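S.K.: Take a look at the following structure, please.
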Amino acid sequence: MWVNNNKHEEWFVNRTDVEFPSDIKCLLAKGPKFALPIENKSFPLFQYIADGEDLVQTSTTKDKQEEARTKFSELVKAHVRTNKKSAIDSAISDTVKRTRNFLSKNKNIRVLSSDKGNQTVAMNVNDYENKMNDILKDLTMYRIQRQDPTARLQSKNNNIVDKIYRMNVITKVEKNKLTTTTALPPLIYGLPKTHKQGTPLRPICSAVGSPAHNLCKYIADILKNVTVNSSYNIKNTLDFKGKINNSYIYDDERLISFDVISPFPSIPTQLALDIIIRKWTTIEKHTKLPKKMFIEMLKFFIEDNRYFKFNDKIYTQLKGLPMGSPTSPVIADIVMEKLLENTMKKLTRVPRLVTKYVDGLFAIINEDEVQNTLDALNSLTNI
């Protein structure tokens, strides 16, 4: 077999009553990013060349670009000339066929990625949909809409794009990129929390292809400049390791982590807008948009595009930042930054180290200040 049979159990979680064959479990345990062999007859040659040229263009000099282009060309030619498939590729392809056949015969099974841990999870469709419906029946957070607002929001998005184009804020090329012609509603789905009892789902919304998705990304790129020089933010685990390297925890200190529960729905929209308005002197350095127009666009993203589709039903998210919107993580980061600044002012003893990544905080803090810090963080509306 082409994988280690002793390793797949920890990466594949079966929450069904169906027994999966060992080779199929091994394949599914590889996850959605595992690169499958490509048959020559289905090899996307032109897309492959286009993607390769994009990578070549990232080189800093013409000489390096030509060198990379030559190497890439040889790789393409070698692949096209090669007709013989390796034994490993053949084994993988055979397993893929068996897996597809197995899943087609068991249509009551849904294969998902886990919320954490990079596991592959098999769930019964009914179990999955019941858990999603339990989430969506929360009347304080969601409500079913009678009509799909996608066409109306697409029209509004395009009117905004046309308006800022006529204001000479964007170019013709940018206008075409930001204009939407075939919008679809955002889709919600759930990721299984295998690390929690009962395997609850974390709702995730994909807004790719939705009415204002590209325009949201345009504004998000502008807003990123607000916290680009944050002393709290970390980029990744290596950055975090660098910050805590050689740190010593004294007897009266504690290592503390704080997590925001449902960060996007938890952030009041007016609070977010107020904080961003206060940051306008920073924002205006990175855009030609007038302040009034910028705020109008933010309200459109936050308030109008707070909806999604599940099982042919359209739902409205009643509060907070819209899940799936490219602007929501950036706005949440700006709010979190302000929250931390506010918290530090309230504490009698400031933590020796505070870091922030997405919705999580890590701090080295005096043990007498733990509860005070938590209380200050929870006083969100007092910012």
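The values are calculated or read from the model by the stated rules, or taken from the named source; none is laboratory data. On a predicted model such as this, the values are computed, not experimentally measured, just so you know. Quick reminder, even Gly has a Cβ in these numbers, built from the backbone with ideal geometry, and neighbours come from all protein chains shown. The area values use the complete protein model at the heavy-atom level, side chains included, leaving out ligands, DNA and RNA. Shrake-Rupley method; radii C 1.70, N 1.55, O 1.52, S 1.80 Å.
S.K.: Taking the conditions exactly as written (in a strand (DSSP E or B) and open to solvent by less than 70 Å² (accessible area, probe 1.4 Å)), does I188 satisfy them or not?
M.R.: Considered against the rule, which asks whether it is in a strand (DSSP E or B) and open to solvent by less than 70 Å² (accessible area, probe 1.4 Å), I188 comes out as yes.
S.K.: Kindly indicate whether any position in segment 8-18 is of a type in the set (F, W, Y), open to solvent by 30 Å² or more (accessible area, probe 1.4 Å) and modelled with pLDDT of 80 or more. Break it down into steps so the answer makes sense when it comes.
M.R.: Pass one, segment 8-18, residues of a type in the set (F, W, Y): 11-12.
From the residues that got through so far, the ones that are open to solvent by 30 Å² or more (accessible area, probe 1.4 Å) too are 11.
Imposing the further condition that a residue be modelled with pLDDT of 80 or more reduces the set to 11.
Looking for residues that are of a type in the set (F, W, Y), open to solvent by 30 Å² or more (accessible area, probe 1.4 Å) and modelled with pLDDT of 80 or more, one finds at least one in segment 8-18, hence yes.
S.K.: Looking only at residues that are open to solvent by less than 40 Å² (accessible area, probe 1.4 Å) and over 13 Å from the mean Cα position of the chain (by Cα) in segment 191-209, which one is nearest to S155 (Cα to Cα)?
M.R.: G209
S.K.: Continuing with this model, one more query. Considering only residues that are open to solvent by 10 Å² or more (accessible area, probe 1.4 Å) and within 12 Å of V260 (Cβ to Cβ), which ones fall in segment 347-361?
M.R.: Passing the criteria: Y357, V358, D359, G360, L361.
S.K.: Any idea which residue in segment 29-39 is modelled with the lowest pLDDT, counting only those that are in contact with a helix residue (DSSP H, G or I) (Cβ under 7 Å, 6 or more places away or on another chain) and either in a helix (DSSP H, G or I) or open to solvent by less than 70 Å² (accessible area, probe 1.4 Å) (or both)?
M.R.: P37
S.K.: For segment 55-65, what are the residues that are open to solvent by 100 Å² or more (accessible area, probe 1.4 Å), without any contact (Cβ under 8 Å) to a residue 12 or more places away in the chain and part of a helix (DSSP H, G or I)?
M.R.: Across segment 55-65, the qualifying residues are K62, D63, K64.
S.K.: Taking segment 362-383, which residues are open to solvent by less than 30 Å² (accessible area, probe 1.4 Å) and modelled with pLDDT of 80 or more?
M.R.: A363, I364, I365, N366
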